[in-house]
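See structure below.
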Amino acid sequence: MKIRFPVLLLAASLSACSSVYVPKVVKVPVDTGVPVVPSVAFRLADSHWVDVSKIRDEAMRLSYQVSEGKITKVQAAQYLNRFRVNLVGNNQIDDDMYEVYLRSAVDSQRGAITTEQSKQFIENALRGWQLRWSYMKNKPANPAFTNFLMEHMKLQPLQ
């Protein structure tokens, strides 16, 4: 009887409540304080799309060598990097994307990740650069390697 009384008292007090307040989740826009204003002065290098095409051609050539077993995925990534540096030089975005690309190739080659995971890893990094691009003040004029990857992944290129 002693145990039933507190339980009955609790049940009676809860049944007296006609409703329970459930807060609503409302999305509140976040103002970062940084206006998204396209840079009027920015323009891609005149040779940019030709350079993207050259990188694509070299990647296809290296891919064929990998498929024939003449070189490894990692070697192909390293050769492609040398090709792009000789062609367009270094820049923050391409250098970062090459690091992601190389890490992905290494992990894929050693069997730590699947080809699909490798592609997802690269795509996520590309999407990150797409988001940062509009906020960048000093955009590189020729992110050809990154735009080659964007094209390959069917994503909107940096412009």
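The values are calculated or read from the model by the stated rules, or taken from the named source; none is laboratory data. Here the structure is a predicted model, which means the values were calculated and not measured. Every residue, glycine as well, gets a Cβ built from its backbone with ideal geometry; the counts of neighbours run over all protein chains shown.
Which residues, counting only those in segment 98-116, are closer than 21 Å to N81 by Cα and of a type outside the set (D, E, K, R)?
Y98, V100, Y101, L102, S104, A105, V106, S108, Q109, T115
When you go through V37, V30, V25 one by one, which is the residue that is within 26 Å of R132 (Cβ to Cβ) and modelled with pLDDT under 55?
Testing whether each residue is within 26 Å of R132 (Cβ to Cβ) and modelled with pLDDT under 55 leaves just V37.
State yes or no: is L155 modelled with pLDDT of 95 or more and not in a helix (DSSP H, G or I)?
It is true that L155 is modelled with pLDDT of 95 or more and not in a helix (DSSP H, G or I).
If you go through segment 145-156 one residue at a time, how many are under 11 Å from W129 (Cα atoms), surrounded by 24 or more Cβ atoms within 10 Å (Cβ to Cβ) and either without any contact (Cβ under 8 Å) to a residue 24 or more places away in the chain or of a type outside the set (S, T, Y) (or both)?
1
With respect to D94, determine if the residue is surrounded by fewer than 16 Cβ atoms within 10 Å (Cβ to Cβ), part of a helix (DSSP H, G or I) and either charged (D, E, K, R) or at positive phi (or both). Spell out how you get there, then give the answer.
Values: surrounded by fewer than 16 Cβ atoms within 10 Å (Cβ to Cβ): no; part of a helix (DSSP H, G or I): yes; either charged (D, E, K, R) or at positive phi (or both): yes.
No, not satisfied.
One residue is enough: does segment 64-83 have a residue meeting the conditions of a type in the set (D, E, K, R), over 17 Å from the mean Cα position of the chain (by Cα), under 27 Å from D46 (Cα atoms) and at pLDDT below 95? Spell out how you get there, then give the answer.
Step one: list which residues in segment 64-83 are of a type in the set (D, E, K, R), which gives 68, 70, 73, 82.
Add one more test, that the residue is over 17 Å from the mean Cα position of the chain (by Cα), and what stays is 68, 70, 73, 82.
Checking the rest, the ones that are also under 27 Å from D46 (Cα atoms) come to 82.
Still in the running and at pLDDT below 95: none.
Checked segment 64-83: no residue is of a type in the set (D, E, K, R), over 17 Å from the mean Cα position of the chain (by Cα), under 27 Å from D46 (Cα atoms) and at pLDDT below 95.
Residues that are free of Cβ contacts under 8 Å to residues at least 24 places away in the same chain and at negative phi: does segment 122-130 have at least one?
For segment 122-130, residues free of Cβ contacts under 8 Å to residues at least 24 places away in the same chain and at negative phi: present.
Taking the stated definitions as given, is N142 in contact (Cβ under 8 Å) with a residue 24 or more places away in the chain, in a helix (DSSP H, G or I) and polar (S, T, N, Q)? I'd like the intermediate steps shown before the answer.
On the way: in contact (Cβ under 8 Å) with a residue 24 or more places away in the chain: yes; in a helix (DSSP H, G or I): no; polar (S, T, N, Q): yes.
Criteria not met by N142.
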